[in-house]
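K.L.:
Below is a structure I'd like to ask you about.
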Amino acid sequence: MSRERKSNMQYRQLAKTDIQVSRIGFGAQRFENPQDRDACVETVLYAYNNGINFFDTAMLYCADQSEFILGEAILEMKKQALPFHISSKCYHGDAANFREKLETSLRRLNVDQIDFFTNLWGVKSYGDWLECQRFGAVDQILRAREEGLIKHVSITTHMPSEDLKKVLSEYNFDINIVGYNVLNAPWRTEGMQASHNMGVGNIAMNPLGTGIIPQYEHVFKAICIKEHQSIVDGAIHYMLSSPYVDSVLVGLRNKSDVKDAIDSLESFVPYTEEERKLVHKRLQESIAKLDYDTRHQIAMDICQKMYINREEVAALMDVYVLSIWRN
(Lines give C-alpha, C1' and ligand atoms only; values in the text may rest on other atoms or scores of the structure.)
Protein backbone atom coordinates (compact mmCIF):
# COMPACT_ATOMS: atom_id res chain seq x y z
CA MET A 1 0.00 0.00 0.00
CA SER A 2 1.41 3.40 -0.96
CA ARG A 3 2.74 5.65 1.76
CA GLU A 4 2.27 8.75 -0.39
CA ARG A 5 -0.98 10.61 -0.21
CA LYS A 6 -2.48 11.24 -3.59
CA SER A 7 -4.63 14.33 -3.04
CA ASN A 8 -3.97 17.92 -2.14
CA MET A 9 -5.69 17.64 1.22
CA GLN A 10 -5.66 20.73 3.40
CA TYR A 11 -5.10 20.65 7.17
CA ARG A 12 -5.78 22.98 10.07
CA GLN A 13 -4.46 23.14 13.61
CA LEU A 14 -7.30 21.92 15.81
CA ALA A 15 -7.55 24.70 18.39
CA LYS A 16 -5.45 24.03 21.51
CA THR A 17 -4.65 20.43 20.62
CA ASP A 18 -1.48 19.27 18.87
CA ILE A 19 -3.54 17.81 16.01
CA GLN A 20 -3.41 18.91 12.39
CA VAL A 21 -6.84 17.80 11.22
CA SER A 22 -7.86 17.27 7.60
CA ARG A 23 -10.44 19.81 6.41
CA ILE A 24 -12.58 16.86 5.28
CA GLY A 25 -13.29 14.24 7.94
CA PHE A 26 -14.68 10.73 7.56
CA GLY A 27 -18.08 10.16 9.16
CA ALA A 28 -18.29 6.38 9.59
CA GLN A 29 -22.04 6.14 10.15
CA ARG A 30 -23.22 5.61 6.57
CA PHE A 31 -21.28 2.69 5.08
CA GLU A 32 -23.10 1.38 2.02
CA ASN A 33 -23.13 -2.24 3.19
CA PRO A 34 -21.75 -2.63 6.74
CA GLN A 35 -21.92 -6.43 6.43
CA ASP A 36 -19.33 -6.31 3.64
CA ARG A 37 -16.46 -5.67 6.03
CA ASP A 38 -13.70 -5.87 3.41
CA ALA A 39 -15.32 -3.26 1.15
CA CYS A 40 -15.91 -0.89 4.06
CA VAL A 41 -12.32 -1.23 5.28
CA GLU A 42 -11.15 -0.56 1.74
CA THR A 43 -13.22 2.64 1.72
CA VAL A 44 -11.61 3.84 4.97
CA LEU A 45 -8.11 3.09 3.69
CA TYR A 46 -8.86 4.82 0.39
CA ALA A 47 -9.80 7.94 2.35
CA TYR A 48 -6.70 7.64 4.56
CA ASN A 49 -4.37 7.30 1.60
CA ASN A 50 -5.97 10.32 -0.03
CA GLY A 51 -5.29 12.63 2.90
CA ILE A 52 -8.23 12.24 5.30
CA ASN A 53 -6.83 11.79 8.79
CA PHE A 54 -9.89 12.29 11.04
CA PHE A 55 -12.36 9.43 11.46
CA ASP A 56 -15.51 9.67 13.54
CA THR A 57 -17.44 6.61 14.66
CA ALA A 58 -19.62 5.46 17.55
CA MET A 59 -21.26 2.48 19.11
CA LEU A 60 -24.51 1.70 17.30
CA TYR A 61 -23.40 3.22 13.98
CA CYS A 62 -24.15 0.95 11.02
CA ALA A 63 -26.00 -1.66 13.10
CA ASP A 64 -23.09 -1.56 15.59
CA GLN A 65 -20.52 -2.51 12.93
CA SER A 66 -18.77 0.83 12.43
CA GLU A 67 -16.19 0.53 15.21
CA PHE A 68 -15.26 -2.98 14.07
CA ILE A 69 -14.78 -1.74 10.49
CA LEU A 70 -12.64 1.17 11.58
CA GLY A 71 -10.67 -1.09 13.92
CA GLU A 72 -9.67 -3.35 11.04
CA ALA A 73 -8.63 -0.33 8.98
CA ILE A 74 -6.60 1.00 11.92
CA LEU A 75 -4.50 -2.18 11.98
CA GLU A 76 -3.39 -1.30 8.43
CA MET A 77 -3.06 2.42 9.13
CA LYS A 78 -0.69 1.68 12.03
CA LYS A 79 1.74 0.15 9.55
CA GLN A 80 2.22 3.54 7.90
CA ALA A 81 3.91 6.67 9.15
CA LEU A 82 0.99 8.94 8.28
CA PRO A 83 -0.96 10.18 11.33
CA PHE A 84 -4.64 9.51 11.96
CA HIS A 85 -7.08 10.62 14.65
CA ILE A 86 -10.13 8.79 15.98
CA SER A 87 -13.35 9.97 17.61
CA SER A 88 -15.98 7.71 19.15
CA LYS A 89 -18.93 8.00 21.53
CA CYS A 90 -21.37 6.23 23.79
CA TYR A 91 -24.69 7.28 25.31
CA HIS A 92 -24.01 6.30 28.91
CA GLY A 93 -23.60 9.01 31.55
CA ASP A 94 -23.33 6.73 34.59
CA ALA A 95 -19.89 5.61 35.70
CA ALA A 96 -20.14 1.82 35.38
CA ASN A 97 -21.71 1.77 31.91
CA PHE A 98 -19.45 4.54 30.62
CA ARG A 99 -16.30 2.69 31.65
CA GLU A 100 -17.50 -0.57 30.13
CA LYS A 101 -18.40 1.09 26.82
CA LEU A 102 -15.11 2.99 26.64
CA GLU A 103 -13.11 -0.19 27.18
CA THR A 104 -15.22 -1.95 24.55
CA SER A 105 -14.52 0.83 22.04
CA LEU A 106 -10.80 0.66 22.72
CA ARG A 107 -10.81 -3.08 21.97
CA ARG A 108 -12.92 -2.74 18.85
CA LEU A 109 -10.80 0.09 17.48
CA ASN A 110 -7.49 -1.67 18.26
CA VAL A 111 -6.08 1.35 20.08
CA ASP A 112 -4.84 2.03 23.60
CA GLN A 113 -6.06 5.63 23.55
CA ILE A 114 -8.86 7.37 21.65
CA ASP A 115 -8.18 10.95 20.56
CA PHE A 116 -11.76 12.06 21.31
CA PHE A 117 -14.29 9.96 23.22
CA THR A 118 -17.45 11.32 24.75
CA ASN A 119 -20.61 10.34 26.56
CA LEU A 120 -21.85 13.88 25.87
CA TRP A 121 -23.40 12.65 22.63
CA GLY A 122 -26.29 14.46 20.98
CA VAL A 123 -26.64 17.22 23.57
CA LYS A 124 -29.53 19.22 22.09
CA SER A 125 -30.33 21.74 24.83
CA TYR A 126 -29.10 23.31 28.03
CA GLY A 127 -31.54 20.98 29.79
CA ASP A 128 -29.67 18.00 28.33
CA TRP A 129 -26.46 19.49 29.69
CA LEU A 130 -27.95 19.71 33.18
CA GLU A 131 -28.65 15.98 32.96
CA CYS A 132 -25.00 15.41 31.98
CA GLN A 133 -23.99 17.25 35.11
CA ARG A 134 -26.44 15.33 37.28
CA PHE A 135 -24.96 11.98 36.28
CA GLY A 136 -21.34 13.19 36.37
CA ALA A 137 -20.64 12.55 32.69
CA VAL A 138 -17.86 15.13 32.41
CA ASP A 139 -16.19 13.82 35.58
CA GLN A 140 -16.04 10.36 34.02
CA ILE A 141 -14.42 11.70 30.83
CA LEU A 142 -11.85 13.64 32.85
CA ARG A 143 -11.02 10.54 34.89
CA ALA A 144 -10.51 8.52 31.71
CA ARG A 145 -8.27 11.26 30.31
CA GLU A 146 -6.17 11.20 33.50
CA GLU A 147 -5.72 7.46 32.99
CA GLY A 148 -4.59 8.03 29.40
CA LEU A 149 -7.56 6.26 27.78
CA ILE A 150 -8.81 9.49 26.18
CA LYS A 151 -6.54 12.19 24.81
CA HIS A 152 -9.00 15.09 24.56
CA VAL A 153 -12.40 15.92 26.04
CA SER A 154 -15.11 16.46 23.45
CA ILE A 155 -18.83 17.13 23.28
CA THR A 156 -21.24 16.37 20.43
CA THR A 157 -23.89 19.06 20.19
CA HIS A 158 -26.99 20.06 18.26
CA MET A 159 -27.75 23.16 20.29
CA PRO A 160 -28.90 26.61 19.26
CA SER A 161 -26.35 29.32 19.93
CA GLU A 162 -27.65 30.58 23.27
CA ASP A 163 -27.68 27.10 24.79
CA LEU A 164 -24.21 26.28 23.48
CA LYS A 165 -22.82 29.51 24.89
CA LYS A 166 -24.28 28.65 28.30
CA VAL A 167 -22.64 25.24 28.24
CA LEU A 168 -19.29 26.67 27.15
CA SER A 169 -19.44 29.16 30.01
CA GLU A 170 -19.49 26.19 32.40
CA TYR A 171 -16.89 23.94 30.74
CA ASN A 172 -14.23 24.68 28.17
CA PHE A 173 -14.02 21.54 26.01
CA ASP A 174 -11.13 20.71 23.71
CA ILE A 175 -13.42 19.83 20.80
CA ASN A 176 -17.01 20.60 19.85
CA ILE A 177 -18.40 18.20 17.23
CA VAL A 178 -21.45 20.17 16.20
CA GLY A 179 -24.39 19.65 13.87
CA TYR A 180 -23.91 22.64 11.60
CA ASN A 181 -24.87 23.22 7.98
CA VAL A 182 -26.29 25.81 5.60
CA LEU A 183 -29.86 25.04 6.75
CA ASN A 184 -29.34 25.64 10.48
CA ALA A 185 -26.47 28.15 10.34
CA PRO A 186 -28.64 31.21 11.18
CA TRP A 187 -29.44 29.66 14.57
CA ARG A 188 -26.05 28.13 15.38
CA THR A 189 -23.30 30.40 14.01
CA GLU A 190 -23.01 32.60 17.11
CA GLY A 191 -22.44 29.48 19.19
CA MET A 192 -19.77 28.31 16.77
CA GLN A 193 -18.10 31.69 16.97
CA ALA A 194 -18.14 31.60 20.77
CA SER A 195 -16.63 28.12 20.73
CA HIS A 196 -13.91 29.21 18.29
CA ASN A 197 -13.10 32.34 20.31
CA MET A 198 -12.63 30.23 23.44
CA GLY A 199 -10.06 28.06 21.71
CA VAL A 200 -12.38 25.08 21.31
CA GLY A 201 -11.98 23.21 18.03
CA ASN A 202 -15.12 22.94 15.88
CA ILE A 203 -15.78 19.83 13.80
CA ALA A 204 -18.93 20.48 11.73
CA MET A 205 -21.00 17.35 11.12
CA ASN A 206 -24.09 16.85 8.94
CA PRO A 207 -23.01 19.23 6.13
CA LEU A 208 -25.61 17.62 3.84
CA GLY A 209 -28.32 17.60 6.50
CA THR A 210 -27.96 13.79 6.74
CA GLY A 211 -28.99 13.56 3.11
CA ILE A 212 -31.88 16.06 3.15
CA ILE A 213 -30.05 18.67 1.06
CA PRO A 214 -29.38 16.38 -1.95
CA GLN A 215 -32.78 14.68 -1.47
CA TYR A 216 -34.50 18.00 -2.18
CA GLU A 217 -31.94 19.24 -4.69
CA HIS A 218 -34.57 21.13 -6.69
CA VAL A 219 -35.11 23.35 -3.63
CA PHE A 220 -31.67 23.50 -2.06
CA LYS A 221 -29.66 23.78 -5.29
CA ALA A 222 -30.09 27.51 -4.65
CA ILE A 223 -27.11 27.30 -2.27
CA CYS A 224 -24.85 26.74 -5.28
CA ILE A 225 -23.65 30.21 -6.21
CA LYS A 226 -20.69 29.33 -8.41
CA GLU A 227 -20.48 27.81 -11.86
CA HIS A 228 -20.26 24.01 -12.05
CA GLN A 229 -20.94 23.48 -8.33
CA SER A 230 -22.76 20.26 -7.49
CA ILE A 231 -25.17 20.25 -4.56
CA VAL A 232 -22.47 18.45 -2.51
CA ASP A 233 -19.94 21.13 -3.51
CA GLY A 234 -22.32 23.91 -2.52
CA ALA A 235 -23.00 22.44 0.91
CA ILE A 236 -19.35 21.66 1.68
CA HIS A 237 -17.97 24.91 0.27
CA TYR A 238 -20.34 26.90 2.45
CA MET A 239 -19.10 25.03 5.52
CA LEU A 240 -15.41 25.29 4.64
CA SER A 241 -15.82 29.04 4.20
CA SER A 242 -16.78 29.51 7.84
CA PRO A 243 -13.86 30.90 9.86
CA TYR A 244 -15.18 28.90 12.83
CA VAL A 245 -15.07 25.44 11.21
CA ASP A 246 -11.84 23.46 11.44
CA SER A 247 -13.05 20.32 9.64
CA VAL A 248 -16.20 19.23 7.84
CA LEU A 249 -17.27 15.72 8.84
CA VAL A 250 -18.95 14.05 5.86
CA GLY A 251 -20.86 10.77 6.11
CA LEU A 252 -19.13 8.59 3.50
CA ARG A 253 -20.73 5.42 2.13
CA ASN A 254 -18.12 4.23 -0.37
CA LYS A 255 -15.06 5.24 -2.36
CA SER A 256 -17.18 7.28 -4.77
CA ASP A 257 -18.41 9.42 -1.85
CA VAL A 258 -14.84 9.85 -0.65
CA LYS A 259 -13.74 11.01 -4.09
CA ASP A 260 -16.65 13.47 -4.33
CA ALA A 261 -15.81 14.98 -0.94
CA ILE A 262 -12.11 15.32 -1.75
CA ASP A 263 -12.88 16.74 -5.19
CA SER A 264 -15.13 19.29 -3.51
CA LEU A 265 -12.24 20.44 -1.34
CA GLU A 266 -9.87 20.64 -4.29
CA SER A 267 -12.29 22.92 -6.19
CA PHE A 268 -12.91 25.08 -3.12
CA VAL A 269 -12.31 28.82 -3.14
CA PRO A 270 -13.31 30.49 0.16
CA TYR A 271 -16.47 32.56 0.04
CA THR A 272 -16.46 36.21 0.91
CA GLU A 273 -18.89 37.39 3.56
CA GLU A 274 -21.06 38.80 0.77
CA GLU A 275 -21.13 35.39 -0.92
CA ARG A 276 -22.17 33.67 2.32
CA LYS A 277 -25.03 36.16 2.64
CA LEU A 278 -25.97 35.50 -1.00
CA VAL A 279 -26.28 31.78 -0.24
CA HIS A 280 -28.89 32.48 2.42
CA LYS A 281 -30.71 35.01 0.27
CA ARG A 282 -31.01 32.52 -2.59
CA LEU A 283 -32.08 29.76 -0.21
CA GLN A 284 -34.83 31.91 1.29
CA GLU A 285 -36.04 32.88 -2.17
CA SER A 286 -36.15 29.24 -3.29
CA ILE A 287 -38.15 28.15 -0.25
CA ALA A 288 -40.54 31.11 -0.59
CA LYS A 289 -41.56 29.89 -4.07
CA LEU A 290 -42.99 26.68 -2.61
CA ASP A 291 -46.62 26.33 -1.56
CA TYR A 292 -47.37 25.75 2.11
CA ASP A 293 -48.06 22.01 1.79
CA THR A 294 -44.72 21.41 0.07
CA ARG A 295 -42.84 23.42 2.68
CA HIS A 296 -44.64 21.49 5.39
CA GLN A 297 -43.77 18.11 3.83
CA ILE A 298 -40.09 19.02 3.59
CA ALA A 299 -40.16 20.24 7.21
CA MET A 300 -41.69 16.92 8.27
CA ASP A 301 -38.99 14.97 6.42
CA ILE A 302 -36.24 17.05 7.99
CA CYS A 303 -37.69 16.49 11.46
CA GLN A 304 -37.41 12.73 11.12
CA LYS A 305 -33.71 13.22 11.88
CA MET A 306 -33.30 12.78 15.61
CA TYR A 307 -30.87 15.68 16.12
CA ILE A 308 -33.10 18.30 14.50
CA ASN A 309 -34.32 21.36 16.40
CA ARG A 310 -37.98 21.65 15.40
CA GLU A 311 -38.09 25.42 15.95
CA GLU A 312 -35.18 25.91 13.54
CA VAL A 313 -36.90 23.83 10.87
CA ALA A 314 -40.21 25.69 11.27
CA ALA A 315 -38.43 29.02 10.88
CA LEU A 316 -36.43 27.82 7.86
CA MET A 317 -39.46 26.41 6.01
CA ASP A 318 -41.92 29.05 7.30
CA VAL A 319 -44.46 26.61 8.71
CA TYR A 320 -46.42 26.34 11.95
CA VAL A 321 -44.05 24.85 14.51
CA LEU A 322 -46.64 22.72 16.32
CA SER A 323 -47.68 21.04 13.06
CA ILE A 324 -44.37 19.22 12.55
CA TRP A 325 -43.26 16.26 14.62
CA ARG A 326 -41.03 13.20 14.65
CA ASN A 327 -42.45 9.73 14.11
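K.L.:
Could you tell me what percent of the accessible area of the range 29-158 is made up of carbon and sulfur, with a 1.4 Å probe and every protein chain present?
P.N.:
Details: 2540 of 5260 Å².
So the carbon and sulfur contribution to the accessible surface is 48 percent.
K.L.:
Let me ask something additional. Provide the percentage of antiparallel DSSP beta bridges, counting only those with both residues in the range 4-151; round to the nearest 5.
P.N.:
Numbers: 3 of 12 bridges.
So the antiparallel bridges in the range 4-151 amount to around 25 percent.
K.L.:
Only four residue types carry charge here, +1 at the Cβ of Lys and Arg and -1 at the Cβ of Asp and Glu. Report the dipole size of the range 248-327 about the Cα centre in Debye, rounded to the nearest 20.
P.N.:
Working: 12 positive and 14 negative charges, 47 e Å.
Rounded to the nearest 20 debye, it is 220 debye.
K.L.:
If the range 146-214 were replaced by its equivalent ellipsoid, with semi-axes equal to the square roots of 5 times the Cα gyration tensor eigenvalues, what would those be, largest first, whole Å?
P.N.:
Numbers: eigenvalues 102, 47, 14 Å².
Rounded to whole Å, the semi-axes are 23, 15, 8.
K.L.:
How large is the direction-averaged shadow of the alpha-carbon convex hull of the range 88-216, in nm²? Spell out each step's value before the answer.
P.N.:
Values: hull surface 32.7 nm².
The Cα convex hull of the range 88-216, projected and averaged over all directions, gives 8.2 nm².
K.L.:
Counting only heavy atoms of protein chains, what accessible area per residue, in Å², does the chain have with a probe of 1.4 Å?
P.N.:
Values: 13950 Å² over 327 residues.
Accessible area per residue, the chain: 43 Å².
K.L.:
Additional query: At 1.4 Å probe size, with the rest of the protein present, what percent of the exposed accessible area of the range 179-327 is carbon and sulfur atoms?
P.N.:
Details: 3420 of 6480 Å².
Ligands and nucleic acids excluded, carbon and sulfur reach 53 percent.
K.L.:
Which value, in nm² and rounded to one decimal, describes the direction-averaged projected area of the C-alpha convex hull of the range 200-327?
P.N.:
On the way: hull surface 34.3 nm².
Here the figure is 8.6 nm², rounded to one decimal.
K.L.:
While we're on this one: Would you kindly work out the equivalent ellipsoid of the range 177-268 from its C-alpha gyration tensor and give its semi-axes, the square roots of five times the eigenvalues, largest first in whole Å?
P.N.:
Details: eigenvalues 94, 42, 30 Å².
Ellipsoid semi-axes (Å, largest first): 22, 15, 12.
K.L.:
Continuing with the same structure: Could you give the Stokes-Einstein D for the range 129-178 in µm² per second, using the C-alpha Kirkwood radius, 20 °C, 1.002 mPa s?
P.N.:
On the way: Rh = 11.5 Å.
It diffuses with D of about 186 µm²/s by this estimate.
K.L.:
Oh, and also: Kirkwood Rh, the chain, all Cα pairs: how many Å? Don't skip to the end; give the middle numbers.
P.N.:
Working: mean 1/r = 0.0497 Å⁻¹.
Value: 20.1 Å, from the Cα pair sum.
K.L.:
In whole percent, what relative contact order does the range 23-120 give with Cα contacts below 8 Å and a gap of six or more residues? Please list the in-between numbers first.
P.N.:
Values: 143 pairs, mean separation 26.9, N = 98.
RCO, the range 23-120: 27 percent.
K.L.:
For q values of 0.13, 0.20, 0.21, 0.30 Å⁻¹, compute log₁₀ I(q)/I(0) with the Debye formula on a Cα-only model of the range 258-319, without solvent.
P.N.:
Listed by q, the Debye log ratios stand at -0.54, -0.90, -0.91, -1.09.
K.L.:
Taking a 23 Å limit on the Cα-Cα distance, which of the listed pairs K259/K281; K226/K281; K89/K124 fall beyond it? Please list the in-between numbers first.
P.N.:
Working: K259/K281 30 Å; K226/K281 14 Å; K89/K124 15 Å.
Long pairs (Cα-Cα over 23 Å): K259/K281.
The values are calculated or read from the model by the stated rules, or taken from the named source; none is laboratory data. Keep in mind the model is a prediction, meaning the values are calculated, not measured. So basically every Cβ, Gly included, is an ideal-geometry build from the backbone, and we count neighbours across all protein chains shown. Accessible surface is based on the protein model in full, side chains and every heavy atom, while ligands, DNA and RNA are left aside. Shrake-Rupley method; radii C 1.70, N 1.55, O 1.52, S 1.80 Å.
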